[in-house]
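Chemist: One structure coming up, written as structure tokens, with questions to follow.
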Amino acid sequence: GENVEQHPSTLSVQEGDSAVIKCTYSDSASNYFPWYKQELGKGPQLIIDIRSNVGEKKDQRIAVTLNKTAKHFSLHITETQPEDSAVYFCAGGSNYQLIWGAGTKLIIKP
Amino acid sequence: EAGVTQFPSHSVIEKGQTVTLRCDPISGHDNLYWYRRVMGKEIKFLLHFVKESKQDESGMPNNRFLAERTGGTYSTLKVQPAELEDSGVYFCASSQVVAGATGAYNEQFFGPGTRLTVL
């Protein structure tokens with residue numbers, strides 16, 4: 001079946017450094033790629049998304065890039081802060097059905 | 001505005017018992033989704049309601065799982081009888097499609113999840 005692979009499963013970075021999380025997808029019909037952040041005790045929350053007609057999108061310290069040919073997309077967080085510590089999920093699909101990655105636990109070291 | 005709420009937050013039951021999870025979506029959201037995450041793995045889609053109708057239930061694991069959304073408001077997910085492999089966190093999400101400059105937009109808002117442990 002269709003799947004989304006996410007790497008790494010755990011990422012530890014020094015506060016102030018950048019973090020990059022990568023995902024690949026198998027369904028070439030996918031046209032919508034959201035990223036969700038899950039903090040402890042809460043449900044996932046949308047932080048940024050990108051559609052297949054765009055190669056890059058940025059919102060302050062976070063950015064997402066999409067390579068449709070290679071079927072991969074990445075989340076970039078710059079100048080990481082302690083509050084960025086969380087589990088991040090990528091997903092790919094359409095507006096109504098998403099296939100999710102396994103999540104990346106991001107740890108920001110002081 | 002209240003977000004998506006789920007009840008209970010935790011449930012510990014024995015194999016063979018029945019458990020019913022409840023989700024209250026954001027008021028006015030027609031779309032309601034159920035997902036499950038087993039420890040350390042991906043979030044897996046279970047099913048999707050549009051109002052009271054099941055739009056897609058392709059992710060439901062087997063007939064021990066029954067989801068309802070009577071009246072198109074809150075939804076319940078019943079597991080009967082529960083098995084060990086049903087353990088995990090069950091998330092509910094709701095959304096309302098809105099027209100945007102680049103097409104329809106369907107942000108899903110998640111509840112905090114119900115952690116189900118089957119012993």
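Coordinate-derived values only; no laboratory data. All values reported here derive from a predicted model rather than from experimental measurement. For neighbour counting, all protein chains shown are included, and Cβ atoms are generated from backbone atoms with ideal geometry for every residue, glycine included.
Chemist: What FRET efficiency, computed as 1/(1 + (r/R0)^6) with R0 = 45 Å and r the Cβ-Cβ distance, is obtained for A:GLU83 and B:SER58, rounded to the nearest 0.05?
Modeler: E(calc), rounded to 0.05, equals 0.75.
Chemist: Another question about this same structure. Given R₀ = 22 Å, what would the calculated FRET efficiency be for A:LYS105 paired with A:GLN60, taking r from the Cβ atoms and rounding to 0.05?
Modeler: It comes out at approximately 0.50.
Chemist: Sort A:THR24, A:THR80, A:THR69 so that the residue with the fewest other Cβ atoms within 10 Å of its own Cβ comes first and the one with the most comes last.
Modeler: Placing the least packed residue first, the sequence is A:THR69, A:THR24, A:THR80.
Chemist: Still on this model: Excluding residues on the same chain fewer than 8 positions from A:LYS37, give the lysines whose Cα lies under 21 Å from its Cα.
Modeler: Output for A:LYS37: A:LYS22, A:LYS57, A:LYS58, A:LYS105, A:LYS109, B:LYS41, B:LYS44.
Chemist: Here is a follow-up. Can you put B:VAL79, B:VAL89, A:VAL54 in order, fewest other beta carbons within 10 Å first?
Modeler: Final ranking by Cβ density, sparse to dense: A:VAL54, B:VAL89, B:VAL79.
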